[in-house]
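The values are calculated or read from the model by the stated rules, or taken from the named source; none is laboratory data. Given the structure is predicted, the values throughout are model-derived calculations rather than measurements. In this analysis, Cβ positions are derived from the backbone assuming ideal geometry, glycine residues included, and neighbour counts consider all displayed protein chains.
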């Protein structure tokens, strides 16, 4: 068996995906609900988009398998209801324009005016053949999609086969949609099914155009000698990369040494900007992709493999072009100054998190010997030890500024060569992960500070303060859980971190952290710097992953323009262009995150499908009028415990709506309750898990 092959470097998933990355000053009085917005001077409800009946608005359709749908409109908290008659010719994910109306209960209703953009162009489905009549039906019932197909468009598929189909003509109010088969799938290979379904569902580009491949191949397999000669030579410094065991693209390398003022830290980043220039086919394709997407056994890269896996990647023992952030840090972890320059490096070793954790942080002799065997540098391990000192200093600084520090485990899958899942493990990150994370954060801060000081337009990674309404909802839930908490009017990250600090070691901590993450806004890319709330930072930009993130490439170009780099790869962007780019890149990042979550959920469900009838530990996360949602703790996936499956008693909802109580036993099923449940059915495609309550012994 092998574990899933590809993983993404970065901060904990919640921060990496933009869920809770920050800054603000604490203090002030305790929060009450509702409250006035400290800056705008108005309630949250008054801040919503003002719309009225008869007005038209655009939004994205969320379809229900019962035939109706809703339109989610930016700035409008309440979704707009589309009755079945208005869903003709409309699919899940479509962007539409609707005319708004109100019903007798003041609920928003929509009348379809136009389909602006199709949300689904390919889908996972099954083939149905009856004589010469062919249909392909979407496996996800929410799509309500059944396409007509020709026998000539089946690509060898037969009746009952699972396929990826592409829509060739979308439905209208008077005609059905048409589709053709792109590839057949094996339902006994859930990893392939999940990955191909995600690619189709989210419209992820896979193959690179021929022109893009030609431009990448034209660089050859060695760095340009003339360019290398112009750069600062760092090849005698033992920079090392530290990544996961199966990583193939190495963006960053690190080196540290003692300094009279504390420490010197060099963070060397792959110089993608030298290879990917504006106006080229390479750049156009990278912009369209926005980011690499990582699945358990497959990566969909932003750049062709010749660059992402080879010429740009900081592989060991070969010359590579890099862009260095050379920093001086105090012993308390404060950035004193930084210089930036194009450089030439040669990685001394390709190390893994587990190796570094064992060798440097746990003093493991065997791991130290393994590291030394990988390199030409004598005494490499001893020369790496200052990295640990820098990490501890940065950790002190992080705690001093009160940054959020959640560390939910990530799922890993045991997958055999036939693409079947034999196990799911929730793995915690070790200190080596955090060591690299803190050093990357510092480099990002240094670059952002330099660009802001010089008033050079760039893309910042920003994370706003939480909305008052969401914080009020968080406090309400914590009250139900019996957790005392106060959040000041002028909230700071340390105020929120204080809640979890009091729960350290408790069974409720992971659930409370998930509640806090949900109360946070999305992190975004934009040219206006507002700081980063979750990290408690005034300046922050993404600089350290240009192989897999286009915003980092933009930041490299703007920094090079400021430094007037001689290689011609610097670019000065206008604010308007950066604004549009930031919106689109934030959207593409969200698409990648959603596809990642979809595949993870699909695979967990596929694993459970072979374990129907088994019992699991669960935690109630949400109480609804038809039952409650329960997280299976050993898998970190949610299922539905329907009211019909509460068979040990007659349950009545408590007045506050946060719990069900058994009328005879008094058994309380509330948010945060740990229970045992039995899996009764699973639908991986729609991510649905049905549960049954196991009676108390």
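Would you call residue 101 part of a strand (DSSP E or B), more than 30 Å from residue 683 (Cα to Cα) and over 33 Å from the mean Cα position of the chain (by Cα)?
Here the answer is yes, as residue 101 does meet what is asked.
Collect the residues in the range 483-507 that are within 24 Å of the chain's Cα centre (by Cα) and more than 30 Å from residue 584 (Cβ to Cβ), keeping them in residue-number order.
492, 494, 496, 497, 500
Conditions (1) in contact with a helix residue (DSSP H, G or I) (Cβ under 7 Å, 6 or more places away or on another chain); (2) in the same structural domain as residue 581 (by TED's automatic domain parsing); (3) on the phi > 0 side of the Ramachandran plot, marked per residue:
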| site | (1), (2), (3) |
| --- | --- |
| 190 | yes, no, no |
| 193 | no, no, no |
| 246 | no, yes, no |
| 260 | no, yes, no |
| 267 | yes, yes, no |
| 272 | yes, yes, no |
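What number goes with the only condition from (1) at pLDDT 95 or above; (2) over 30 Å from residue 413 (Cα atoms); (3) surrounded by 15 or more Cβ atoms within 10 Å (Cβ to Cβ) that residue 177 does not pass?
Only one criterion is unmet by residue 177, namely (1).
Tell me the residue from 445, 462 that is in a strand (DSSP E or B) and either under 26 Å from residue 670 (Cα atoms) or at pLDDT 95 or above (or both), please. Let's see the steps before the verdict.
On the way: 445 fails: in a strand (DSSP E or B).
So the residue among 445, 462 that is in a strand (DSSP E or B) and either under 26 Å from residue 670 (Cα atoms) or at pLDDT 95 or above (or both) is 462.
Could you give me the residue pairs with C-beta distances under 6 Å whose first residue belongs to the range 79-92 and is surrounded by fewer than 16 Cβ atoms within 10 Å (Cβ to Cβ), whose second residue is modelled with pLDDT under 90 wherever it lies, and which are 6+ apart or on separate chains?
From the range 79-92, the pairs are 84/67; 88/173.
Each row is one residue, and each column tells you yes or no for (1) assigned by TED's automatic domain parsing to the domain that holds residue 338; (2) at pLDDT 90 or above; (3) touching a strand residue (DSSP E or B) at 6+ places or on another chain (Cβ under 7 Å); (4) surrounded by fewer than 21 Cβ atoms within 10 Å (Cβ to Cβ).
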residue	(1), (2), (3), (4)
472	no, yes, no, yes
479	no, no, no, yes
489	no, no, no, yes
525	no, yes, yes, no
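Of all the residues that make up the range 63-84, how many are under 13 Å from residue 98 (Cβ atoms) and either in a strand (DSSP E or B) or within 25 Å of the chain's Cα centre (by Cα) (or both)?
Total satisfying the criteria: 10.
When you go through (1) crowded, with 22+ Cβ neighbours inside 10 Å; (2) on the phi > 0 side of the Ramachandran plot one by one for residue 505, which number turns out not to apply?
(1)
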